[in-house]
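The values are calculated or read from the model by the stated rules, or taken from the named source; none is laboratory data. What you are looking at is a predicted structure, and each value in this text was computed from that prediction instead of being measured. Cβ sites come from the backbone with ideal geometry, for glycine too, and all protein chains shown count toward neighbours.
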Amino acid sequence: MRRFLLDKLRSCVVTSQNQRQRRLLGTQSPCQQHAAVQQNVNVQECALKQPTLSPLHHPDYFELHKIVTVKDLFDARVHLGHKEGLLNVHMTPYIFGSRLGCHIIDLDQTLLHLHRALNAVAHIAYRDGIILFVSRNLQMSHFIESTAKECKEFAHARFWQGGLLTNSTRQFGTETRLPDCIILLSTLDTVFEQHLAVVESSKMLIPTVGIVDTNCDPTLITYPIPGNDDTPSAIQLYCRLFKETILRAKARRKQDEAGSSVQLKS
């Protein structure tokens, strides 16, 4: 008997709540009802206009595994490292062996890390992020700047003034949007010391993609790529891969936006 009374009381409470909600909806004016419906439609449109959710769940949304192979890395001399006496202890896991006193980089690991880095760069470019190419290789500075210009991004191949990222407000006199990703084609400067951009980007929590040779320290690089950072053929290969990745991601974004707009019209 007691359980029956409790169930009856609960049903009465639910019925009264439903009646109260109907009365509230009935008291709304037509303008208010139209505004509520329009707000619901806007929310649905915003959900359809966000094509950045599904790509993250795809292992290779931009099909980047097809643009480079181990043979391409070998032909570009990416496997050639420095002499044995210049080895950085943190680069030991990426060493395949040595020949004629020079270390040989394991290209299988290079390809794996390169795919991860290209995928990260593609997702940043897909979301309209700012990508900055950084290098102090005077021989390839013009080529690096041309690569950044072709994919409509930015490059800094000159002298890096200290505090360019950590003290940007004082240097530029106003609030400046910092890069969303920094690609370091060489993590060392001209005197074989670590580039200031590596430390500053780490302090500002900016993800970095860096080519690390056998004499480099990869600990502060978000996506290190073990490989040769001196040979022009290797640098040209890196620039080609990054440019193709960025252009492919931007083209895919336009394609997804066009598809979502067609769905809204239909």
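Beta carbons closer than 8 Å, at least 6 apart along the sequence or on distinct chains, pair a first residue in the range 102-116 that is within 18 Å of Lys83 (Cα to Cα) with a second that is basic (Lys, Arg) and surrounded by fewer than 21 Cβ atoms within 10 Å (Cβ to Cβ) for Cys102/Lys83; His103/Lys83.
For the range 89-101, a tally of residues being more than 27 Å from the chain's Cα centre (by Cα) and either within 12 Å of Gly227 (Cβ to Cβ) or surrounded by 15 or more Cβ atoms within 10 Å (Cβ to Cβ) (or both) returns 1. Among the residues examined, Phe172 does not qualify as modelled with pLDDT under 95, under 28 Å from Asp106 (Cβ atoms) and either among the hydrophobic types (A, V, I, L, M, F, W, C) or crowded, with 19+ Cβ neighbours inside 10 Å (or both).
Can we say Leu114 is buried (at least 20 other Cβ atoms within 10 Å of the Cβ), out of contact with any helix residue (DSSP H, G or I) (no Cβ under 6 Å at 6 or more places or on another chain) and either closer than 24 Å to Leu73 by Cβ or modelled with pLDDT of 95 or more (or both)? For Leu114, the condition - buried (at least 20 other Cβ atoms within 10 Å of the Cβ), out of contact with any helix residue (DSSP H, G or I) (no Cβ under 6 Å at 6 or more places or on another chain) and either closer than 24 Å to Leu73 by Cβ or modelled with pLDDT of 95 or more (or both) - is met. Filtering the range 145-174 to residues that are touching an Asp or Glu at 6+ places or on another chain (Cβ under 6 Å) and touching a residue at least 40 places away in the same chain (Cβ under 8 Å) leaves only Leu165.
All of Thr231, Thr208, Thr245, Thr187 fail the test of being more than 22 Å from the chain's Cα centre (by Cα), surrounded by 13 or more Cβ atoms within 10 Å (Cβ to Cβ) and in contact (Cβ under 8 Å) with a residue 24 or more places away in the chain, apart from Thr231. Here the range 190-227 is the region considered, the condition is being touching a helix residue (DSSP H, G or I) at 6+ places or on another chain (Cβ under 9 Å) and among the acidic types (Asp, Glu), and the residue that is farthest from Ala157 (Cα to Cα) is Asp217. Within the range 154-177, does at least one residue satisfy the condition of being closer than 17 Å to Leu118 by Cα and of a type in the set (Ser, Thr, Tyr)? Looking for residues that are closer than 17 Å to Leu118 by Cα and of a type in the set (Ser, Thr, Tyr), one finds none in the range 154-177, hence no.
May I ask you to verify whether Thr147 is hydroxyl-bearing (Ser, Thr, Tyr), closer than 25 Å to Ala76 by Cα, touching a helix residue (DSSP H, G or I) at 6+ places or on another chain (Cβ under 8 Å) and not in a helix (DSSP H, G or I)? When the stated conditions are applied, Thr147 does not pass them. Restricting attention to the range 122-153 and to residues that are of a type in the set (A, V, I, L, M) and within 18 Å of the chain's Cα centre (by Cα), the residue that is surrounded by the fewest Cβ atoms within 10 Å (Cβ to Cβ) turns out to be Ile130.
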